[in-house]
Amino acid sequence: MRKPLVAGNWKMNGTRASLAEIGEMAKACDATLRAKVDVMVCPPATLLFPAAALALGSAVSIGAQDCSPLGEGAHTGDLSAGMLFDSGAKAVIVGHSERRADHGEKDADVAAKAAAVLAQGMMPIICVGETRAEREAGKALAVVARQVRGSVPKDAPAGGFVVAYEPVWAIGTGLTPTLQDIADMHAEIRRTLARLLGKPAAQATRLLYGGSVKPANAAEILNLADVDGALVGGASLKAADFLAIIRAA
Ligand code: 13P
């Protein structure tokens, strides 16, 4: 059985004042919740260390939002997987559509980043998702399957990574695909992983849905067979909203 994972992506939001929200989340995730769902918050890199210290011993683990594929050296402004691990991160989001769009990251870049995260003993959360134009052209399944083939490292260990399906047009818009479209896409991603890594690895991999997940729609989305959790943006910034989604999971 795959344990659900609810992860919050704070994106470029949050200062030290926001750490109180993580403190509140950590306090509210009791033993009963912890037994049923994994909880993660991915704050900006500036907050990784204090967030990890605050959440230590709680059910909340801390992740990062991006990393360099490289080890160390003359790469001004970049952060290696090793540095993120040293700051307390247990996972790293890679290939988010905002990084693919803002920084021109391609599938091969994403795969290299995911490999660096795995080499550091952390869990990559590998993001894929079609644009509105690709969906309207009927290409969503093919585009996402291609992204999965290109972005998941060929030797990724079973259960050691997560794939997050985030349709670009659903991010921050209040729009979501139909439940049938989410179910179809997650089934397609699992089939693609099975062809890539074998059926046991595909069955062990958690597939998250992301894009305008809110307390009001979380339960129906998380109830779908191949949806093993959520990657939450805006609604993860406030403990009350995020906790409602965690309880739905
Ligand atoms: P929203 O939940 O704000 O739509 O963002 C989703 C997302 O991009 C998470 O990575």
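The values are calculated or read from the model by the stated rules, or taken from the named source; none is laboratory data. Given the structure is predicted, the values throughout are model-derived calculations rather than measurements. A quick note on method: Cβ atoms are made from the backbone with ideal geometry, for glycine too, and the neighbour counts reach across all protein chains shown. Quick note on the areas: whole protein, heavy atoms, side chains included, nothing else; ligands and nucleic acids left out. Shrake-Rupley method; radii C 1.70, N 1.55, O 1.52, S 1.80 Å.
How high is the FRET efficiency between Arg191 and Ala216 when r is their beta carbon distance and R₀ equals 25 Å, given to the nearest 0.05?
0.25
Could you order the peptides 76-88, 207-219 from most to least packed, using the average number of other C-beta atoms within 10 Å per residue?
Values: 76-88: 16.5, 207-219: 21.2.
Output ranking for 76-88, 207-219: 207-219, 76-88.
How would Arg190, Arg195, Arg16 line up by accessible area, probe 1.4 Å, largest first? Intermediate results must be reported in sequence, preceding the final value.
Numbers: Arg190 15, Arg195 170, Arg16 195 Å².
Reading off the accessible areas and sorting them downward yields Arg16, Arg195, Arg190.
With 10 Å bins from zero, work out the P(r) of the chain over every alpha carbon pair and list the percent per bin.
Percent of pairs per bin, in order: 8, 34, 39, 17, 1.
With θ set to phi - 60°, apply the Karplus curve 6.51 cos²θ - 1.76 cosθ + 1.60 along the range 43-56 and write out the HN-Hα couplings as whole Hz, x wherever there is a Gly or Pro.
Result, rounded to whole Hz: x, x, 4, 4, 9, 4, 5, x, 5, 5, 5, 5, 8, 3.
Tally up the carbon and sulfur contribution to the accessible surface of the chain as a whole percent, 1.4 Å probe, everything protein left in place.
Roughly 55 percent, rounded to a whole number.
Name the residue, out of Thr178, Thr131, Thr32, whose mean-square fluctuation peaks in a Gaussian network model built on the chain with Cα pairs under 10 Å.
Its mean-square fluctuation being the largest, the pick is Thr32.
Quick one: if you stick a label point 7 Å off each Cα along the C-beta vector at Met1 and Asp86, how many nm between them?
For Met1 paired with Asp86, the spin-label model returns 4.0 nm.
Taking the Cα centre of the range 1-97 as the origin, how large is its charge dipole in debye, to the nearest 20, when only Lys and Arg (+1) and Asp and Glu (-1) carry charge on their Cβ atoms?
Roughly 380 debye for the range 1-97.
Which of the listed residues, His186, Leu207, Val117, is farthest toward the dipole's positive end in the range 117-223, when Lys, Arg count +1 and Asp, Glu count -1 at the beta-carbon?
Farthest towards the positive pole: Val117.
Can you tell me the accessible area per residue over the chain, all protein chains present, probe 1.4 angstrom, in square angstrom?
Spelled out: the 1.4 Å probe surface of the chain, per residue, equals 45 Å².
Order the following by accessible area, largest value first: Lys199, Lys27. Probe radius 1.4 Å; ligands, DNA and RNA are ignored.
Working: Lys199 140, Lys27 175 Å².
My answer, sorted largest first, is Lys27, Lys199.
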